[in-house]
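Every number in this text was worked out from the coordinates using simple rules, so none of it is lab data. Quick caveat, the model's predicted, so the values are computed rather than measured. With ideal geometry, Cβ positions are generated from the backbone for all residues, glycine too; neighbour counts draw on all protein chains shown.
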Amino acid sequence: MSRMQDIMTDKVGIFRRGDLLQEAVTELQELLLRSRRIGIATRRAGSNPELVSAYRVQKMLKLALCVAWGALQRTESRGAHYREDHPRRDDAGWLRRTLACWPDPAGTLPRLDYEALDVSRMELPPGWRGYGARDAIAHPATAARAAEVAAIRAAGAQADRFTIQNALMPWEDLLPAPFRGRNARLGETS
Amino acid sequence: MARSLESSAPPFAGKAARPCSTVLPPRRLRASRWPARLDLLQSLSGLVLALFLIVHMFFVSSILISHEAFYRVARFFEGSLFFAEPQPWLVSVVVGGVLAVFVLHAWLALRKFPASFCQYRVFAAHQEGMRHPDTRLWWIQLWTGFALFFLGTVHLYGMLTQPALIGPYESADRIWSGRMWPLYLFLLFAVEIHGSIGLYRLAIKWGWLEGSDPVVRRRRLRLAKTLFSLFFLGLGLVTLAAYVQLGIAHAGRAGEPYRPGRVLAGEAVPQPGPGTPLPPRTGG
Amino acid sequence: MTTSSPPAPRRLTLRILRSLPGAGEAPHWQDFPVEEAEGMTLFIALSEIRALADPSLQFDFVCRAGICGSCGMLINGRPGLACRSLTRDLPALITLAPLPVFELIGDLSVNTGKWMRGMAERLETWIHASASPALTAVEAPMAPELAEAIYELDRCIECGCCVAGCGTLRMREAFVGAVGLNKIARFRLDPRDERSDDDYYELIGDDTGVFGCMSLLGCHDVCPKGLPLQTQIAFLRRKMALQGV
């Protein structure tokens, strides 16, 4: 377990590199295979922490592999995932969620699927976030949606924030009924 | 997805109408006010006893000034200001009052005693392991208080029933020839230690003299407690020694009451007191 | 060759009370040698023992920073948080025992949560208000000083040290302890709680409540958060005594 912790800290941190990620995945796979033959040294009834660790370490390794394997595939930088070998954010290629699952219990790698995000429904389409270089590779739909949002905001300059919110991205109907009331804010006359 | 969850879960929505309010329950039967009163009474009776103790120590130690001084103090309590003849029953009344407060305090303090061997053992081990001064102080108070049940009662009973036998020779004879000095020695330690810790605890318990800095305040209170103990123990020991010395000197004529102006052979002449000489004691 | 080498690290012995309720294992002391390291806390020492000597050793930690309150234990007889106890402040022989009063899970692990829950339900340590809160209205403002005073008492992490350090509670386990009285003091300050002193008297106006306190100050002196328990209990005692006269 402590080897896994070291690998995750050293090679799958915030600043990542393809070759190191590959090493991490290889080592984690070895650890996973080893963990399937895990045994415990102490025989104590009750909540034996060693037994708890033994149960958990296999699952932790699988989770670590999901992270490391997913990070290795994602050849861009985004938020806390910074690839030194791919420093630009790539909305065109990677504006999508990684979905990992483990269909084969005997396998040592998860299956990765990707779910694309719908830029045309975003309240805040991906843009420059105010820090770092403005070098992101834009998603093809971003410009159109950004213009749309700007238009809605301009048209509703006199409208209240609830109206604008509804035009941009309605969500009130998703709330349980008792929480749909319109919250008052300090300094805002109702 | 979230929409279907909301529509399929009306109980949640119903509960959420009053998410965190609690309606006050209907009025219950009122809890007894006696625990509050008993607690106050215990503190109050302890305070009265401690104050009495201070005054008492000063009166008793007047023997250190002179036999005459103590004689006058004793006569004062027999009403010498108002009556021509000494009225020892006045002393009995005061002693009776003190005894009543004493018994009340002991009775109330019983609530705090370990009530079983199990409790006793747990606390003994606890104070041993904690190495915590205030916890240990309570343990000391417990034992001194326990000792006072007996020591204090014997002393108070004697004073209650023989109030006239308070005087330089009378008291000294009681202490030496009456072999009361061992009891008084234990009583002195028990009562001074118990009293000073008690006063300290009263201040902590009720938050008296709470300054801006509780740490400094507690350190000062502890210092005051220790000084109080040491002062009264010292005073008490010297006084007791004076009585013992007098008792040994007077042993040959034990039982003879003190008369102002008359001196024991070999003793220094006491200073004549101011004012008119008091009438000689009649009864014994 | 260097002229001076750093002093050899101390060899510590952690004497731990091992037990396993219900498993037929009699409680016994077991010694574990540990080599002291710079800035070592008992948490680090215990983790080392678990990693290197006995992986079955039970103890609780979550935050390692004195915030979660799980690692309360008797350290050389006194309750304290293991994560905040530096070994350099302790002698070379350190005895560790589980906190008393609480239900023992095993070794150094106790169930403080169960006790705390019972206390909270008994003292009703939540806001009692007759009206439902208006969900959409702006919250009622509170003076910063008052908010600060409430927060001061709200810093309690329910670690159980005051409970284990209380001689009164050790003798009479029905006593609510400093943690309970502190909660009452906290809700008494809170203007959102509509309970009066009369209501609070119902909860703590007897010898299992504020009048049971014998002012031993064990709670105050072992509290890892430095809560003003001494003054708070004295304050409550005055208020509750007023209810009695």
What residues qualify as long-range amide H neighbours of residue C:105, i.e. H under 5 Å apart, gap of 5 or more or another chain, H built at 1.01 Å from N?
-> C:110, C:111
Where does segment C:1-59 land on Rg(C-alpha)/(2.2 N^0.38 Å)?
-> 1.49
Shape of segment A:39-125 from its Cα gyration tensor (a ≥ b ≥ c, root eigenvalues): rounded if a/c is under 1.5, otherwise prolate when a/b > b/c, or oblate?
-> prolate
Dipole of the protein assembly as shown (Lys/Arg Cβ +1, Asp/Glu Cβ -1, origin at the Cα centre): which of A:99, A:66, B:116 lies farthest to the positive side?
-> B:116
Local charge sum around residue C:241 (other residues, Cβ-Cβ under 14 Å, Lys/Arg +1, Asp/Glu -1)?
-> +1
Of the convex hull drawn through the C-alpha atoms of segment C:11-110, the volume per residue in Å³ is 94
Can you give me the pair-distance distribution of segment A:131-185, C-alpha pairs, 5 Å bins, whole percents?
-> 4, 15, 17, 17, 15, 14, 11, 6, 1
For segment A:79-142: rounded, prolate or oblate by the Cα gyration tensor [a/c cutoff 1.5] | oblate
Charges only on Cβ, +1 for Lys and Arg, -1 for Asp and Glu: so what's the dipole of segment C:45-105 about the Cα centre, in debye to the nearest 20?
-> 200
Taking only the alpha carbons of segment B:113-197, the radius of gyration and the largest Cα-Cα distance, Dmax, both in angstrom, are 16.9, 50
Considering Cα pairs under 8 angstrom that are at least six residues apart, work out the relative contact order of segment A:38-190 and quote it in whole percent.
-> 15
Expressed in whole Å with the largest first, what are the equivalent ellipsoid semi-axes of segment C:53-198 derived from the C-alpha gyration tensor as the square root of 5 times each eigenvalue?
-> 34, 17, 14
Check: C-alpha center segment B:174-208 vs C-alpha center segment C:38-77, spacing in Å is 46
Can you tell me the Rg and the Dmax, both Å, for the Cα atoms in chain A?
-> 23.2, 72
Run a plain Debye calculation on the protein assembly as shown (Cα atoms as equal point scatterers, no solvent) and give log10 I(q)/I(0) at q = 0.09, 0.10 Å⁻¹, rounded to two decimals, same order as the q list.
-> -1.07, -1.19
Roughly speaking, what is the centre-to-centre gap between segment B:39-116 and segment C:203-233 when only Cα atoms are used, to the nearest Å?
-> 33
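Considering Cα pairs under 8 angstrom that are at least six residues apart, work out the relative contact order of segment C:111-184 and quote it in whole percent.
Across segment C:111-184, relative contact order equals 39 percent.
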Globularity ratio of chain C, using Cα Rg and 2.2 N^0.38 Å | 1.20
Kindly give Rg over Rh for segment B:36-253, based on alpha-carbon atoms, with the Kirkwood expression for the hydrodynamic radius.
-> 1.01
Based on the Cα gyration tensor of segment A:113-156, what are the three equivalent ellipsoid semi-axes, each the root of five times an eigenvalue, rounded to whole Å and given largest first?
-> 20, 16, 9
About its Cα centre, how strong a charge dipole does segment B:36-253 have in debye, to the nearest 20, once Lys and Arg get +1 and Asp and Glu get -1 at the Cβ?
-> 740
Given charges at beta-carbon only (K, R positive; D, E negative), |dipole| of the protein assembly as shown in Debye = 580
Does anyone have the angle between helix A:49-73 and the longest principal axis of chain A? Alpha-carbon axes, 0 to 90°, nearest 10?
-> 50
Rg to Rh for segment A:61-104: what is it, with Cα atoms only and Rh by Kirkwood?
-> 1.00
In sequence order, calculated HN-Hα J values of segment B:137-144 (Karplus, 6.51, -1.76, 1.60; Hz; x Gly/Pro) = 4, 5, 4, 5, 4, 4, 6, 5
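Taking only C-alpha pairs under 8 Å that are 6+ residues apart, what is the relative contact order of segment C:11-110 in percent?
Answer for segment C:11-110 is 34 percent.
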